[in-house]
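The structure appears below as structure tokens.
Rule-based calculations on the coordinates, nothing more; no lab input. Every value quoted in this text rests on a predicted model; they were computed, and no experiment measured them. Heads up, the Cβs are rebuilt from the backbone with ideal geometry, glycines too, and the neighbour counts pull from every protein chain shown.
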Amino acid sequence: MFLSVIIPVYNVERYISRCIDSVISQHLNNEIELLLVDDGSKDLSGKICDEYASKYSWIRAFHIPNGGVGNARNYGLKQASGEYITFIDSDDFLDEGIYAEIYKLHKEYNADAYVFGYKDYPKNEKAKVHILKEGYCNDSITLADKYLEMKKNYLMFSVINKVFRKSICKSILFNTEVHYFEDYLFALSCLNRVNSLYAIDKAAYNYVHHEGEHLGVKYTRPEIIVRVAKDIKSLSFSLPQNSELKKYTILEYYNNLLHAVDSSRGIFQRLKYTKLLTSEIKKNGSLQEFREFLGRRKPIMIIPNTLGITIMSYLRCLILKLR
């Protein structure tokens, strides 16, 4: 069997049928299995999963105690029997035929991983499309170029747009203790074992946005953000490299440290993590490039010392709260 598709399911009775139907529309016949991992849903999601499993022999439903999306994905990984694995979030859905296209490419290239793009849904004036240039990469130069493109196009951090050879990531699990960029850590860990990759120039995954979804975002402690930022930097530096990718990884690292500053509670904690950011910039350089990287947030770096950044970041957070 070619592909195991893992979907963690939790309280998505309004969306799960659309998600499952989009996998059914891939038309891979006997080359696909769908693993629905019901993570202790309290609505009808689990029942819907069971109904699909009763109708299709290649769909399996599992019911586990609630443990979070990472735990559900890890459970699915243990059950997967396909040569390749991939993931979908249960409120999202696929365009028809993307997995069949990957299967066809696999017959020709037999790559360790396949990557495609995604687009925001519903489509409106704010919706964005993230896509890659088509191509096969099987050496350090082409892989480094592709990883840079993936980072710049926001296509590196997620697992939903990637199909990995299962043997590549058989010993890699999602970190269930950290609910911050756990997708990114998993994807980077897998990519560190990849020797060949095929990029598909289609935004075939529909990333669904829900009204009010950014309200009440779960708080992440700054020390966790810093720890994950260092892990992301380390894993990124372990990939095939070129000078531009290395510099972009440093800028990304600075940006994650700035998230730690924004997540700080109280002036002394904010000063602590701002001092860490400024010391890293002093050690690694690229201050001007980081200003440009920040885009509309570049005023934070007008006075690029600990006190200046602390004051400007605090003012920015205050302004955002007052909007």
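Values of log10 I(q)/I(0) for segment 203-323 across q = 0.11, 0.14, 0.21, 0.22 Å⁻¹ run -0.42, -0.67, -1.25, -1.31, by the Debye formula with one identical scatterer at each alpha carbon and no solvent.
Once you divide the Cα radius of gyration of segment 128-190 by 2.2 N^0.38 Å, the number left is 1.19.
The local environment of residue 116, defined by Cβ-Cβ distances under 12 Å, has a net charge of 0 under the rule Lys, Arg +1 and Asp, Glu -1.
Taking every pair of Cα atoms in segment 38-173, average 1/r, invert it to obtain the Kirkwood radius, and report Rg/Rh to two decimals. Provide the component values of the computation, followed by the final result.
Working: Rg = 16.8 Å, Rh = 17.1 Å.
Ratio value, two decimals: 0.98.
Directionally averaged projected area (segment 127-268, Cα convex hull): 9.8 nm². Hydrophobic long helices, here whole DSSP H runs in the chain with Kyte-Doolittle means of at least 1.0 and Cα atoms spread over 20 Å or more along the helix axis, are found at 306-322.
Taking Cα pairs under 8 Å and at least six residues apart, what relative contact order does segment 1-90 come out at, in percent? Please list the in-between numbers first.
Details: 170 pairs, mean separation 41.2, N = 90.
Rounded, it is 46 percent for segment 1-90.
Using θ = phi - 60° in the Karplus curve 6.51 cos²θ - 1.76 cosθ + 1.60, the 3J(HN,Hα) couplings for segment 119-127 round to 9, 6, 9, x, 7, 8, 5, 9, 5 Hz; x is entered for Gly and Pro. From the cross-link list 170/275; 247/275; 166/282; 218/275; 146/275, which pairs have alpha carbons spaced over 29 Å apart? Check vs 29 Å cut-off fails for 170/275; 166/282; 146/275. Beyond 22 Å in Cα-Cα separation lie the following of the pairs 202/233; 104/133; 107/133; 42/119; 126/230; 123/233: 202/233; 42/119; 126/230; 123/233. Put simply, the amide H of residue 59, placed in the peptide plane, has neighbours under 5 Å in 34, leaving out anything fewer than 5 places away on its chain. Pairwise inverse Cα distances across the chain, averaged and inverted, put the Kirkwood hydrodynamic radius at 21.0 Å.
Where the centre of each part is set by its Cα atoms, how far does segment 90-149 sit from segment 236-272, in angstrom? Comparing the Cα centres of segment 90-149 and segment 236-272, I get a distance of 26 Å.
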